[in-house]
Structure formats: structure tokens, C-alpha cells
1. Can you find a residue that is within 16 Å of the ligand (Cβ to nearest atom) and not in a loop (DSSP other than H, G, I, E, B) anywhere in the range 83-92?
2. Residue pairs, Cβ under 7 Å, 6 or more apart or interchain, first in the range 134-149 and closer than 17 Å to I191 by Cβ, second aromatic (F, W, Y). List them.
3. Filter the range 25-57 for residues that are farther than 18 Å from F331 by Cα, in a loop (DSSP other than H, G, I, E, B) and touching a residue at least 24 places away in the same chain (Cβ under 8 Å) and give the result.
4. Among F219, F201, which is surrounded by 23 or more Cβ atoms within 10 Å (Cβ to Cβ) and within 24 Å of W281 (Cβ to Cβ)?
5. Of these, W281, W259, which one is over 21 Å from the mean Cα position of the chain (by Cα) and within 20 Å of H165 (Cα to Cα)?
6. Of all residues in the range 42-82, how many are over 14 Å from Q8 (Cα atoms), β-branched (V, I, T) and more than 12 Å from the ligand (Cβ to nearest atom)?
7. If I filter the range 258-280 down to residues being surrounded by fewer than 14 Cβ atoms within 10 Å (Cβ to Cβ) and not charged (D, E, K, R), which single residue comes out as farthest from V117 (Cα to Cα)?
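The values are calculated or read from the model by the stated rules, or taken from the named source; none is laboratory data. Note that the coordinates shown come from a computational prediction; the quantities given were computed from them, not determined experimentally. With ideal geometry, Cβ positions are generated from the backbone for all residues, glycine too; neighbour counts draw on all protein chains shown.
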Amino acid sequence: MSFKVSVQPAGREFTVEPGQTILDAALASGMILPYSCRNGTCSTCRGRVVSGSYDAGPAPARILEADDLARGYTLLCQARPTSDVVIEAEEVRMSGDIVVRKMPVRVQALTPLAADVMEVTLQLPSAEAFRFQPGQYLEFLFKDGRRRSYSMACAQAVDHRVQLHVRHMPGGAFTDRVFGRGDEPLKARDILRIEGPLGSFFLRADDRPIIFLASGTGFAPIKAIIEGMLGRGDRRAAVLYWGGRRPADLYQAELASGWRARLPGFRFVPVVSDALPEDGWAGRTGWVHQAVMTDFPDLSGHQVYACGAPPMVEAARHDFVHQRGLSPQAFHADAFTSEADRAEVQA
Ligand code: FES
């Protein structure tokens, strides 16, 4: 049986067919709700069910807080209605010329950025432009049905090329290939298949000052967003906090430092959690979201864009909203979920 979903405050409606999730039905209807992983591991699709009944699946109880669950919040990529429902969720407005497509791509170059981070440059088909919002991601589609998501680390496809930042996860089937391990190491000229652009992580039109928060390769989509700002001559005040365990994890810190000269309202704050004496680190230490908490007693007038490991993103969302007065609607996130994260949620 199909059910109707009404979305507040947008005042839009769509129909969910049997077996569909609310998010899938929204996207199929042409309405974009916030999403990232689509498999119940990141919480980007968090929304509130105001009325009606639904099957939430097991994921929300694992990653949402008890008080949010009690207030009707759930994961819209997992929720299947069992009656007509009314939900509260942000409608994401995207340029109409952005079309999600599947296409073959050729590996153009593999460039090490750090011992465990590879820049992968993909050559896209030249017949059609690949348009995306800086901050969005693509998915590799593998023959066995698995998919792997990576954000574009560039603001646009120049010469039909995009760059991704791939961190090596030892034992991870795809990243082992990227780092030359296994039976089928990835090399220039190899052909892969992708779908994209995907996701709702991009800069919203607004004039509030921005806090960018990145851990590890969560830097990639934020780099894309900031380079988009550079391209437009955007003068919004923005601070980038980028955290890693060791200084080497901030693999393009010099590039980020250089943005200040071109963006008058920009600052870069590198944060390292586990520096060793031989690193000679004299900068900020600790957890990256805690550095923001220390520097900003009040975030009520800010927008935050956070990307990185799910625990960092969730800690930031919770602490910024509950302890620093950030509007929940002003927190935009993309959580990088690994195969291990997915396995844990689906177990
Ligand atoms: Fe639903 Fe990630 S998009 S949990």
C-alpha cells in the first residue's frame, strides 16, 4: 500500500510506494531532503515525524540520541511509513541543471598527498558536462553491487576532470587497490563506473559567518566549497578548523593557509590530537570540535559545515546546538562512513 508524506515547512507532498523509504520516495519525486550515506550510518537525513506511523528500522536507536528519538526524530533514509505521515525536514534547493547520472570514468592520475592519502583524478566523458555543487560526492559502482562514496575535492570539473581524496583503510577492498595492494591494483587508464553527483552537503545562500569543521579527508568537500567561494569572490567570514592525529594528517595545510590571502574574511586553524615530540607541533592540540567550543562561546549567529568521521560530526552537532546555541537548521554535515561503520549499523 502506498502512503502520502507531507513535508513541513515546505508544504510539499509526495507518495511512498510499498518498500520505499521516505528519502528514496522524496528523491524519486524530485524533492531533495538532506542525505549523505543512505544506509543509516551518518544521520545527515535526520528529520522529525510530526504525525503518522512508520517503521524506523534499527539504525536510529544506534546513532540518534534518546531525547531526539523521544521527540520523533528518525533517519529518513531508513523510515518506511505505515500510514500517511507529516514530517519536518529541510528542503534542499539545488540548481536545476544538476542531473544525477551513471557514467564510465577513466583514472587519469594517482597522486600521493600523504602516506595514507591519495588524490585520484578521474577523466569524465567529454560528451556531457558533469555539473555539481561544490561539496557533493560521487559513488563508484562495482560489479559485485558494492558502492563507495567519495567527495569531489574540486569546485567544478575542469577539462572534464575531478579529483577525490582517498584515505587508505588497510583491508578495504577499494582503498587497497588505490594504494597498489591486492591482485588488481588501480592504475592510470583503468575504467571505473560512477553515479553522481549526490548528497546535500554544499554552501547554502546565507550571510551568516561560517565555521568549516573537517577531520582527515573530510577536508576534501570543504576544500571544494572554499574554492567555490574563491572563484565567486565570496566575502563571507569563514574559519576552517581541520583536525588530524598528527601534523602529517593535515596533508594540504599549506594550501589552506594560503586561502587567507585571497579570502579577506578567512582564517585557518589546524588542530592536532596526538602530536609526538618529534613532530615539533606548536599549534592547537586536542579534538577539533573542542577547539571550536573553546573559541566560540556563542554560535547562535553562525552556520556550520562539518565533514569527517561520524563520531566527530555527531559530537559537534550535539555540543554546538546544546551548549553553544547553534540553530539545528544551521548545522550541515557530511559524515564519512567506512565499511566498518556500515557493518556495525547493519549488524
Ligand atoms: Fe540517512 Fe546517512 S543518509 S543515515
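1. At the first step, the residues of the range 83-92 found to be within 16 Å of the ligand (Cβ to nearest atom) are 87-92.
Within this subset, residues satisfying the condition of being not in a loop (DSSP other than H, G, I, E, B) are 87-88.
Yes, the conditions are met somewhere in the range 83-92.
2. Pairs that qualify, where the first residue is closer than 17 Å to I191 by Cβ and the partner is aromatic (F, W, Y), are L138/Y150; F140/F174; R147/F140; R148/F140; R148/F174.
3. Taking the range 25-57 and keeping what is farther than 18 Å from F331 by Cα, we get 25-31, 38-40, 49-57.
The next check asks that each one be in a loop (DSSP other than H, G, I, E, B); those that pass are 30-31, 38-40, 52-53, 56-57.
Within the range 25-57, M31, R38, N39, G40, G52, S53 meet the criteria.
4. Details: F201 fails: within 24 Å of W281 (Cβ to Cβ).
Every option except F219 fails the conditions.
5. W259
6. Counting residues in the range 42-82 that are over 14 Å from Q8 (Cα atoms), β-branched (V, I, T) and more than 12 Å from the ligand (Cβ to nearest atom) gives 1.
7. That would be P264.
For (1) out of contact with any Gly (no Cβ under 9 Å at 6 or more places or on another chain); (2) surrounded by fewer than 19 Cβ atoms within 10 Å (Cβ to Cβ), each residue gets a yes or a no:
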{"site": "P112", "(1), (2)": "yes, yes"}
{"site": "L122", "(1), (2)": "yes, no"}
{"site": "S126", "(1), (2)": "yes, yes"}
{"site": "F132", "(1), (2)": "no, no"}
{"site": "L141", "(1), (2)": "yes, yes"}
{"site": "R146", "(1), (2)": "yes, yes"}
{"site": "Y150", "(1), (2)": "yes, no"}
